[in-house]
């Protein structure tokens, strides 16, 4: 242990990935201060960066893992209407969201209870209930492994798209160390998505605050998605596919109950992967300890001792089945370690 850097040999990763896959890495590095990153990477240049392990499928054990533990929150600019906040990459995402709401800052309430860390949020461009984090990110600080230097990316340079970013396309290059967000002091609430208004009505709330919206989202998520502490999972395993308008319209003509959403482009539409998987007969399916949640068709689950390879095999069979039935390709959200899709 040096100042800001902790080294562990032969570290089990079972409790470091939300699927609960039991693999052992020869070397685990924990960095409390990002200034120690160059020293850590000198020991393991290709270490896999682990946040909450909530967006990973470990098919094989990585040679080394790196965890950032910085979780500081600081205000960098503010006025009567807005506040710009910097947060360390190691902060737990949900804790950060709740901390912003506690301080009277809104904008992230629809993203409550998403697993993982702040550092992972721009990589995946996390999103839920009508909001994507790219709408609130103003800058990302990162270490460039290829050029061995610090970089700062404005939001426009992050190449954000649906569940995607430049960081996701070069996962072995950039290590996100902090993220900056532009938040509101006067809430502009997003309520017209996935039952939020209905949940607020169930809560007997007529004039909701940002915290009320977060509480409604938390209630919905807990009801729909299995708790990784109870059964291993990585949340939604598949991305909602985006297709051409004519394909979406043809599918909805054939299947009037197929959910179709705007995709940010006049010529494209987003389909519900959960509906496609459910209609292909996979909801609640189980092969040994690898399965699909009985409560949500998008969620693959580990009933105990499934391997990453078993879960990957199941995911591939699901995708093949959906394509054969509907002619639509679906792709995984989690990063697959030790195999390719």
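Quick note: the coordinates plus some simple rules give every number you see, no bench work behind them. It should be emphasised that the depicted structure is a prediction, and the values quoted were computed from it without experimental measurement. When we count neighbours, we look across all protein chains shown, and the Cβ atoms used for this are built from the backbone with ideal geometry, even at glycine.
Before moving on, here are some points about what is shown:
- Overall, the anisotropy analysis places region 213-334 in the oblate class: the square-rooted eigenvalues a ≥ b ≥ c of its C-alpha gyration tensor yield a/c not less than 1.5, with a/b not exceeding b/c.
- By average C-beta atoms within 10 angstrom, highest first, the peptides 212-219, 152-159: 212-219, 152-159
- Oblate is the label for the chain. Its Cα gyration tensor axes, ordered a ≥ b ≥ c, give a/c of at least 1.5 and b/c at or above a/b.
- Gyration tensor (alpha-carbon) shape descriptor, region 151-291, a/c threshold 1.5: rounded
- Region 273-290 and region 227-267 have their alpha-carbon centroids 15 Å apart.
- The stretch between residue 75 and residue 95 holds 5.6 nm of extra length on full extension. This uses 0.36 nm per residue minus the Cα-Cα distance.
- Relative contact order of region 242-288, defined on C-alpha pairs under 8 angstrom at six or more residues apart (%): 35
- Dimensions in Å of region 205-245 - Rg and Dmax from alpha carbons: 14.9, 40
- Distance (nanometres) between label positions extended 7 Å along Cα→Cβ at residue 12 and residue 303: 2.2
- In this rough spin-label picture, where each label sits 7 Å from Cα along the Cβ direction, the residue 207-residue 186 distance is 1.5 nm.
- If you run the Gaussian network model on the chain, springs between alpha carbon atoms under 10 Å, then out of 38, 122, 262 the most flexible one is 262.
- For the chain, built as a Gaussian network whose Cα springs stay under 10 Å, the top-fluctuating residue of 88, 20, 284: 284
- Its relative contact order, with pairs defined as Cα atoms under 8 Å and 6+ residues apart, puts region 5-68 at 38 percent.
- The relative contact order of the chain comes to 17 percent, based on Cα pairs under 8 Å that sit 6 or more residues apart.
- Scattering curve values for region 97-152, log₁₀ I(q)/I(0), Debye with Cα scatterers, q = 0.15, 0.31 Å⁻¹: -0.51, -1.35
- Each label point was placed 7 Å from the Cα along the Cα-to-Cβ direction; for residue 289 and residue 341 their separation is 2.6 nm.
- The packing ranking, built from the mean of other Cβ atoms within 10 Å per residue, places the peptides 169-177, 222-230 in the order 169-177, 222-230, highest first.
- Of interest is the spacing of the C-alpha centroids, which for region 49-125 and region 186-226 amounts to 21 Å.
- A Gaussian network model of the chain, with springs between Cα atoms under 10 Å, assigns the largest mean-square fluctuation among 315, 201, 120 to 201.
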